[in-house]
Amino acid sequence: MVSEPLTDGHGRRIADLRVSVTDRCNFRCQYCMPAEGLPWLERDEVLRFEEITRLVALFARLGVHDVRLTGGEPLVRRDFPRLVGMLAALDGIEDLAITTNGFLLERDAGALVAACETRERRARGIRFNVSIDSLQRDRFYALTRRDALDQVLRGLARLAEYPQAHPIKVNAVALRGVTEDEVPAFVELARHSAYEVRFIEFMPLDADRAWSSDQVLTGAELHAMIDALHPLEPTEREPGATARVYRFADGHGRIGFINPVSEPFCGDCNRIRLTADGRLRTCLFSLRETDLRGPLRDGADDDQLAQLIRDAVWRKELKHRIGEPGFVQPARTMSAIGG
Ligand code: SAM
Ligand code: SF4
């Protein structure tokens, strides 16, 4: 029963799990958190490492082979490399990845890479997405409300010292009126470094609920700007991929566009999410969640948990409805979901 692969009611096989390990963060990005932060979960509400590991092992037996650790800021969780090591040791996880704002990478990159070195499995080290929305110090400060660009760039450089961490992705949320003049610098980074740069469209998941469609700088607009600087060629899209990836025609690097608003990729979405307090979400925009922490702590066995997961996944939303009449922004915002 546990070994049947996870499938939703629309025939999509679920293979990708995003795990939020904390709702806390050391940044206050404008498009994500309010300046004063959010009411944090109590310590006891947050899944313990053993609980996360048990659930991830169960998901792996249900056919999930890609796991991304996120938050909030995952590196602010105390002893986070130990959790990475516990997950790295599980069977069935092909891809283990971390999404981070990079602030603590200078401190932790070595420990995180080392945590995966003992993995006795076919997996390929660990992958990182580092979020950097601006390459200008004052703009970075304005966007994240932290004067931390230099610290983040040092963390990125430290990470890049480890061949096992490559390829490293640098993700930037694109905002109209903000990101346009950053394009040349990001293009230079993509072309003359080992990093793959990807722009993400701004989604209505901000805590200030200030999102409006006219603030979305679309991937198509960015593509046109970049193509005019240096011609781009498409690469083949893998099923379930969030990014449309292009290579520079002259062979210098790659750049990607994650366009959930203007070009939704719900049709072959294979992702689900586990929040820091143990709720299963079947879409970023879910209005409904399934509590796994309660049954887990009440002694549910793997078959019982697997049935809860299967039932929730079966009801996975067909698509998000951004831009449609009646769209409702979920109560949880990006940092509390785990982006
Ligand atoms: N703190 C880590 C970080 O910033 O990388 C991980 C969590 S963060 C919620 C994950 C990703 O979501 C980041 O790349 C961030 O830029 C992105 N994000 C946050 N709010 C967003 C929004 N409203 N629209 C689009 N992307 C958003
Ligand atoms: Fe923190 Fe990441 Fe949200 Fe920025 S985007 S406030 S770094 S969780």
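The values are calculated or read from the model by the stated rules, or taken from the named source; none is laboratory data. This is a predicted model, so every value here is computed, not measured. Here the Cβ is made from the backbone with ideal geometry for all residues, glycine too, and neighbour counts use every protein chain on show.
See the values below:
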read-out: Enumeration of residues in the stretch 183-220 that are within 16 Å of ligand 2 (Cβ to nearest atom) and part of a loop (DSSP other than H, G, I, E, B); value: Phe202, Met203, Pro204, Leu205, Asp206, Ala207, Asp208, Arg209, Ala210, Trp211
read-out: Single match in Val64, Val21, Val46 (criterion: within 13 Å of ligand 2 (Cβ to nearest atom), closer than 21 Å to Arg293 by Cα, at pLDDT 95 or above and among the aliphatic types (A, V, I, L, M)); value: Val21
read-out: Filter pass, Phe27 being among the aromatic types (Phe, Trp, Tyr) and in a helix (DSSP H, G or I); value: no
read-out: Total residues in the stretch 220-243, condition closer than 20 Å to Thr179 by Cα and modelled with pLDDT of 95 or more; value: 13
read-out: Pair list, Cβ < 6 Å and 6+ apart or interchain, from the stretch 221-246 residues that are within 20 Å of Pro184 (Cβ to Cβ) to residues that are in a helix (DSSP H, G or I) and of a type in the set (A, V, I, L, M); value: Met225/Val183; Ile226/Val187; Leu229/Val187
read-out: Answer residue from the stretch 38-78, given it is touching a residue at least 40 places away in the same chain (Cβ under 8 Å) and among the small types (Gly, Ala, Ser) and is surrounded by the most Cβ atoms within 10 Å (Cβ to Cβ) among those; value: Gly72
read-out: Candidates Leu83, Leu17, filtered to the one that is hydrophobic (A, V, I, L, M, F, W, C), surrounded by 21 or more Cβ atoms within 10 Å (Cβ to Cβ), within 16 Å of ligand 1 (Cβ to nearest atom) and more than 14 Å from Ile272 (Cα to Cα); value: Leu83
read-out: Given (1) within 26 Å of Val187 (Cβ to Cβ); (2) at pLDDT 95 or above, index of the condition Asp79 fails; value: (1)
read-out: Pairs with Cβ under 8 Å, 6+ apart, first in the stretch 25-36 and over 18 Å from Gln329 (Cα atoms) and aliphatic (A, V, I, L, M), second more than 9 Å from ligand 1 (Cβ to nearest atom) and at pLDDT 90 or above; value: Ala35/Arg28; Ala35/Arg145
read-out: The stretch 172-196: number of residues that are within 12 Å of Leu135 (Cα to Cα) and within 16 Å of the chain's Cα centre (by Cα); value: 1
read-out: Residues within the stretch 42-56 that are farther than 17 Å from Asp301 by Cα and β-branched (Val, Ile, Thr), tallied; value: 1
read-out: So Leu55, is it under 28 Å from Asp8 (Cα atoms) and more than 16 Å from ligand 1 (Cβ to nearest atom); value: yes
read-out: Conditions (1) within 15 Å of ligand 1 (Cβ to nearest atom); (2) under 27 Å from Gln329 (Cβ atoms); (3) in contact (Cβ under 8 Å) with a residue 24 or more places away in the chain; (4) part of a loop (DSSP other than H, G, I, E, B): number failed by His10; value: (1)
read-out: Flag if Leu284 is hydrophobic (A, V, I, L, M, F, W, C), under 21 Å from Val19 (Cβ atoms) and either surrounded by fewer than 14 Cβ atoms within 10 Å (Cβ to Cβ) or more than 16 Å from ligand 1 (Cβ to nearest atom) (or both); value: no
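Listed here are the residues, each with its yes/no results for (1) surrounded by 14 or more Cβ atoms within 10 Å (Cβ to Cβ); (2) among the hydroxyl-bearing types (Ser, Thr, Tyr); (3) touching a residue at least 60 places away in the same chain (Cβ under 8 Å).
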{"position": "Asp250", "(1), (2), (3)": "no, no, no"}
{"position": "Pro264", "(1), (2), (3)": "yes, no, no"}
{"position": "Cys269", "(1), (2), (3)": "yes, no, yes"}
{"position": "Asp277", "(1), (2), (3)": "yes, no, yes"}
{"position": "Leu296", "(1), (2), (3)": "yes, no, yes"}
{"position": "Leu305", "(1), (2), (3)": "yes, no, yes"}
